[in-house]
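Step one of this worksheet: look at the structure below.
The values are calculated or read from the model by the stated rules, or taken from the named source; none is laboratory data. Computed from a predicted structure; not experimentally measured. Positions of Cβ are backbone-derived with ideal geometry, glycine not excepted, and every protein chain shown enters the neighbour counts. Side chains are part of the model used for accessible areas, which takes the heavy atoms of the whole protein and leaves out ligands, DNA and RNA. Shrake-Rupley method; radii C 1.70, N 1.55, O 1.52, S 1.80 Å.
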Amino acid sequence: MMQPETTMKRAGGPTGAVDRLSALPDALLHAILFFLPSPQVVRTCVLSQRWRHLWRSAPCIKINEQDFGFSAGISKVPLEERWAQFDGFATNLLRSLDNTSPLDEFWLCSRVYNQCDVDRWIRRGIEYCPAELQVLIVGRDNRFKLPHMASSSFHRLKRLRLLNVDLDGQFADLLPACPVMEDLELGSCKFSGDFSQGITSFTLKKLALDYCKNNTSHPLVVTAPSLSHLDLSYGCYQAGITLSKMDSLVEAMIEITENLTLSQSTLRGLLGRLFNVTSLELSGFEAKVMLNSKSNILPIFCNMRTLCLRSCFLDECELSDKLEALGCFLQKAPCLEELTLLCSMFSSSSDSEWDTGRKNITLRHQERKTFQCHKLKLIKVVYDYDHDHRLIELVWSLERSLPDVDIELTKEEW
């Protein structure tokens, strides 16, 4: 039987294969191009007449130095030659874009071999008024500063991500020019200058500060009344950090690194600004911050439903003191329903590789007060190694202090 003739567009190659891909709408083809390296995106222009100019109207532009062999060991071409190729491609790409519609995203990942080249790419990309801007600088010297850019180009900017950027006065002028900014992520950035630095936005909903530095003599002040999500990995804030107007905050993650020493008052001050959260994750906090003598300084977390303590309460205290500190904190969260202790309460590593730990353990039955946390139903204890039977002691003590709570044990796999 003769098959009906297809009406599908054909690629025109020697095999006469059906070009089903080209039949897709532009929006879907642009979504496919998003996952390709930029050089390959441009090369699609030779596929057919349908693809000839498609790349020019792509809503997402990614300029990545890795596409030109800057990763260690993948190219023997001299650095100057590779950079010249990279510059030529990036410059021609940005010049050839269809300027009739703005970009959804402009993404730049590069080292700063030539400051003028990188500045030119950023300024050109900003001219397309992207809704999302990512500038990721390879290296950790924090010497790169954003170039001066027209404030009118930021009226659509909703998400901004910067990595390894020196944030001087130019950054202070940038945020007020972003009337619809919702998501800000700063990684290993440095606030510099001899003036007060801060983050002020009345539209910002998500903020991530990942190991940033503030080398000014003024505290970093964050004012974001619409903020709902905060992710703070505490870096080096010479004069401290102040969280202001956080009434809308519902989810927060605060991480204190092992090599960073902060005063107990500083940590309590951070916790004091999180009183409205429904979900809280703390990393690196010590039991001393929450001991009974100072618990009255902490606020009442009346909305908090979930609490995760990651690598917390590892300071040199007896387990009974750590449990007392935990109890003090739990009593400040009357609506808490779920608690996760993730590698917390005791250190998982042994003092010696050959340390076999105790062979016997005695669980004492002395009277201990019950924690006042009536809505708590589940405690998840996640551990990686139970050295010296301390996990047994922890679970035993939790069960006695919270007799109506289910305790779930999970071994973390690395």
Taking region 263-318 and keeping only residues that are among the acidic types (Asp, Glu) and either open to solvent by 30 Å² or more (accessible area, probe 1.4 Å) or touching a Pro at 6+ places or on another chain (Cβ under 8 Å) (or both), one is left with 281, 286, 316, 318
- Can you find a residue in region 100-107 that is open to solvent by 90 Å² or more (accessible area, probe 1.4 Å) and either assigned to a loop (DSSP other than H, G, I, E, B) or modelled with pLDDT under 80 (or both)? yes
Residue hits (region 226-236; part of a strand (DSSP E or B) and buried (at least 20 other Cβ atoms within 10 Å of the Cβ)) are 230, 232
Expected output for region 158-176 (first residue basic (Lys, Arg), partner at pLDDT 90 or above and not in a strand (DSSP E or B), Cβ below 6 Å, 6+ apart or cross-chain) is 158/131; 158/180; 158/182
The condition of being open to solvent by less than 50 Å² (accessible area, probe 1.4 Å) and either of a type in the set (Phe, Trp, Tyr) or assigned to a strand (DSSP E or B) (or both) holds, among 128, 113, only for 128
With the first residue restricted to region 234-246 and required to be under 11 Å from residue 211 (Cβ atoms), and the second required to be open to solvent by less than 10 Å² (accessible area, probe 1.4 Å) and of a type in the set (Val, Ile, Thr), Cβ contacts under 9 Å at 6 or more apart or on different chains are 234/254
Of the listed residues (115, 134, 85), the one being at pLDDT below 95 and under 28 Å from the mean Cα position of the chain (by Cα) is 115
Residue 121 vs (1) under 22 Å from residue 101 (Cα atoms); (2) within 22 Å of the chain's Cα centre (by Cα): all pass except (2)
Determine whether residue 301 is at pLDDT 85 or above and aromatic (Phe, Trp, Tyr). yes
When region 236-252 is checked residue by residue, the ones that are under 18 Å from the mean Cα position of the chain (by Cα) and under 12 Å from residue 205 (Cβ atoms) are 249, 250, 251
